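Comments concern the structure below.
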Amino acid sequence: MNQELFLSSQVDLKAARSLKERLIKALFFFCAAVSILTTLGIVGILIFETWNFFGKVSFKQFFGDTQWTPLFAQKHFGVWALISGTALTSFVSIVTALPLGLLAAIYLSEFASKRIRSFIKPSLEVLAGIPTVIYGYFALTFVTPCLQKIIPGLAGFNALGAGIVMGIMILPIIASLSEDAIYAVPPSLKEGAYALGGNRLATIFRVVLPSSFSGIGAAAILGISRAVGETMIVVIAAGQQPNFTLDPRVAVETMTAYIVQVSLGDTPTGTLEYQTIFAVGMTLFIFTLALNLGAHHLRRNVLKGSL
Amino acid sequence: MLKQDIKKPKNIFRSPKMRSDNLKAWFGSHEALNEISLSIPTFHVTAIIGPSGCGKSTFIRCLNRMHEVVPGTRIQGNVYLDEVDIYGSSINPVNLRKRVGMVFQKPNPFPTMSIRDNVLAGLRLQGMKTYDSDEVVEKALVRAALWDEVKDILKRPGLSLSGGQQQRLCIARALALEPEVLLMDEPCSALDPIASAKIEELIHELRGKYTVVIVTHNMQQAARVSDVTAFFYMGKLVEFDYTEKIFTNPKYKKTEEYVTGRFG
Amino acid sequence: MIFKKKFIKESTSENAFKAICFVAILLPILLIIVLIGDALIDGWSRLNLDFLLGLPSRKAEIAGLLPALMGSFYLMLLTAAIAIPLGLGAAIYLEEYASESFLTSLIEINISNLAGVPSIIYGLLGLEIFVRMSHMGRSLLAGACTLALLLLPMVIMVSRESLRVVPKSLREACFALGADRFQTIWKVVLPMSFPGALTGIILSMARAIGETAPLITIGALTYVAFLPDSIHSAFTAMPIQIFNWISRPQKDFHINAAAGIIVLLLVMLILNALAIWLRARLQRKVYW
């Protein structure tokens, strides 16, 4: 009879035949599609407002200057001032977090007993869950005064204190991802090293760490990405002065801090000041996207086993 | 329906409950079934045997359209229930599965439900109002030979039962829908011998009231419980005959080799 | 790990290295204790009912947290109301409906990328889409929509994990009983995965309650001397109020900030405890 109609038809389609089933499926699909719309929205508004921005400000003014004073009468749009601030605080944070995080990961995967692990892992999660505004308070009222006792000439707002506290914030991510990477090293490699008479220390440094290099690299990059996008710590503790400097003792302004600075004021939409935060946001977005993609690429290598 | 009825040859195949006609099935590009034509006699027990991967599970999953639940699968050919094509465009697989019940390899009672709720699950899933739910529960559990063991603990979670009891609960769950055909996909493979024996006993009792199709890798079991047996090999139906014949005097060499344990 | 300690003689250098590693892991944990202790010492004197139930003021000693507390509370409710259905729905689509297609993998890659976007970028999105284009203004609703989008990747991930816990065999059993896909999801899959999903969702809410940057970006006010009365009213939230107090030059306000931090940490602690308690309780018994 009508056999041909269904003989080779995709059976999935048949299952969803009834209208109700299709409607329900469409509803769930819409929920999933919201995430795509979010991405499109983010990219769309950033491009749109950045486009408007570059209608008024040239590329040369944006990338060829080191002064950032769009809120002043004498306007400069040298984004390098903000990029250097972001780079400086992120650098301090990764210098703090990577050694500590890596050592923590080694301890957890190679030395820690079950009992110690069961205590330390949740503690690190607590660390990762603390709101960053609290870290900011800590940086401003505790860490910076402590540092001022050691380092003379340290300003009240500075990249150093903010960076160090940011390092504590990203430490759990780095420790946890590095631990995964170390864990992924096949035991046979370690056994091979022990069989050759390698002691534990040599095995860790000569075999385990080199084998998990990609994974640790990915952890570090993701940590940097977090630090670049982090806002409240640097807003509170690093100050809001866009100095083009590599001196961690003075105040700097990061890209994120600038966006907050403008948002706190009452900037009318459509003005140049309003558009600057989107241009800065676009720069920030590109930076973090590049870092995330790089980390993703490295981690995929780990999963593939091409160590 | 006792053994003497079956002695009359060909009779039971004359008006089969289910029938497949040139049935082919695929997983992606892998062909799992190749032109299976088979008649399943009404109110009898049909066993399907064969080495792992021969397509026996795929075959019975085609009988209630469970094959298509897995993404990337495809079938060709026809399957008839009471001479109605179940892959016809007007057939709703959901309604079909009420008439053709299924029991799986591993007992899978719903963990969030009590014993009683498990038995009623099928009815409730279909939104049927059951005014006499106590009666339905008792009847299904009695038929599944579980009533005496659980009548006082109906409120307990289904998972609190032993493996064999869980499997009988799953049978009760299927029977509560009053199916005409009961498909069993290696129902004893996850059970110990004593629990298996209980299930086999139960299959004996179901015979005559339901049409049962059982997939098994245990040849002794097939010989014990079934009236007719089909031997599958590499996706093809090699031989289909009365169980006695298959196990004592098979037509084909391959069948003989398998039932005597020379491979598989 | 594989080698028991006694089989490998530990040299001094190994012991030293082990000690260094241990210090490295202890250091951040000690810092956290110092942080909480520091906030407690600074803020203890201000922690009383007047502080919790008071309105903000230009005088630090009488300034209170109430508008921020209520703001955060309403914000959480609204955010949950938006993010939970969307996140669960997306998870259900990806786990139960989607076949292996280009679109599905696109959605998956997209979700994991969204999880890495800095929260302040979501603020910019909210500012443009919700505050400006949808004319929600700088309202609770706009804030909740922004936070919901920010939370969505996390909610989807925890929901998917909880759906994966439900074995395939149960879905098949359900199909074999004549249930359609939606009934299977609604009556069997969701009841089983709900405790896990709920725990994860509450934990992500606890995260959201500390979010500051996106709310500042969409223009949540830092000084609000009234309680929000509808989803369209302006609002402030706990972390914003804390930020506001921190950024005051007067040291007295830092005491308020510390007290606010204690309250915020307490709320997060309660949410975490709630999640754990709910999981334990719901897992014990879920019947229809």
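The values are calculated or read from the model by the stated rules, or taken from the named source; none is laboratory data. It should be emphasised that the depicted structure is a prediction, and the values quoted were computed from it without experimental measurement. Backbone-built Cβ (ideal geometry, glycine too); neighbour counts: all protein chains shown. Protein only, heavy atoms only, side chains kept; ligands, DNA and RNA dropped before computing areas. Shrake-Rupley method; radii C 1.70, N 1.55, O 1.52, S 1.80 Å.
Values for this structure:
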| item | result |
| --- | --- |
| Residue (of B:VAL150, B:ILE203, B:LEU120) at the positive-pole extreme of chain B, dipole from beta-carbon charges | B:ILE203 |
| Solvent exposure ordering (accessible area, 1.4 Å, most first) of C:HIS232, B:HIS44 | C:HIS232, B:HIS44 |
| Rounded accessible area of B:ASP82 (nearest 10 Å², 1.4 Å probe) | 70 Å² |
| Gaussian network model of chain C, springs between alpha carbon atoms under 10 Å - residue of C:PHE175, C:PHE51, C:PHE22 with greatest fluctuation | C:PHE22 |
| Under the Karplus curve 6.51 cos²θ - 1.76 cosθ + 1.60, θ = phi - 60°, whole-Hz ³J(HN,Hα) for the range B:83-96, x wherever Gly or Pro sits | 6, 9, 6, 6, 9, x, 5, 8, 8, 8, x, 4, 5, 4 |
| Number of partner chain Cβ atoms within 10 Å, mean per residue of A:120-133 | 6 |
| B/C buried area, accessible surface, summed, 1.4 Å probe, Å² | 2100 Å² |
| Rg(Cα) / (2.2 N^0.38 Å) computed for the range A:165-233, rounded to two decimals | 1.36 |
| Fraction of beta bridges assigned by DSSP in the protein assembly as shown that are antiparallel (%, nearest 5) | 60 percent |
| Amide H contacts under 5 Å for B:TYR210, placed H, 5+ residues apart | none |
| Cα gyration tensor shape for chain C, rounded if a/c is under 1.5, else prolate or oblate | oblate |
| Gaussian network model of chain A, Cα within-10 Å springs - most flexible of A:LEU82, A:LEU147, A:LEU189 | A:LEU189 |
| Accessible surface buried upon A-C contact (total; probe 1.4 Å; Å², nearest 100) | 7100 Å² |
| Shielding score for A:258-268, defined as the mean number of other chain Cβ atoms within 10 Å | 4 |
| Whole-Å distance, taken between Cα centres, linking the range A:218-249 and the range C:79-101 | 34 Å |
| Relative packing of peptides C:180-193, B:13-26 - highest average C-beta neighbours within 10 Å first | C:180-193, B:13-26 |
| Overall Cα dimensions of the range A:23-116 - principal axes, largest extent first, Å | 61, 52, 19 |
| Placed amide H near B:ILE86: partners under 5 Å, 5+ positions off or other chain | B:VAL79, B:TYR80, B:LEU81 |
| GNM top mover of C:ILE109, C:ILE261, C:ILE242 - chain C, alpha-carbon springs below 10 Å | C:ILE109 |
| Ellipticity estimate at 222 nm from DSSP helix runs (n ≥ 4, -39,500 (n - 2.57)) divided over the protein assembly as shown, nearest 500 | -18500 deg cm²/dmol |
| Sites C:ILE29 and C:VAL165, calculated FRET efficiency, Cβ-Cβ separation with R0 41 Å, nearest 0.05 | 0.85 |
| Percent accessible area from carbon and sulfur atoms, chain A, protein chains only, probe 1.4 Å | 68 percent |
| Ordering of A:234-240, C:115-121, B:214-220, B:68-74 by burial proxy (mean other Cβ atoms within 10 Å per residue, highest first) | A:234-240, C:115-121, B:214-220, B:68-74 |
| For the protein assembly as shown, average projected area of the Cα convex hull in nm² | 44.8 nm² |
| Per-peptide average of other Cβ atoms within 10 Å, ordering A:203-211, C:200-208, C:246-254 highest first | C:200-208, A:203-211, C:246-254 |
| List B:THR260, A:THR38, A:THR132, ordered by accessible area with a 1.4 Å probe, largest first | B:THR260, A:THR132, A:THR38 |
| Shielding score for A:224-236, defined as the mean number of other chain Cβ atoms within 10 Å | 4 |
| Tilt relative to chain B, helix B:193-206 - C-alpha long axis, 0 to 90 degrees, to 10 | 90 degrees |
| List A:LYS56, A:LYS114, B:LYS56, C:LYS18, ordered by accessible area with a 1.4 Å probe, largest first | A:LYS114, A:LYS56, C:LYS18, B:LYS56 |
| Part-to-part distance (alpha-carbon centres) for the range A:69-138 and the range B:79-124, which is given in Å | 55 Å |
| Helical segments meeting 20 Å axial Cα length and Kyte-Doolittle 1.0 threshold in chain A (DSSP H) | A:19-56, A:80-106, A:159-183, A:213-229 |
| Principal-axis tilt of helix B:115-125 within chain B, Cα atoms, nearest 10 degrees | 70 degrees |
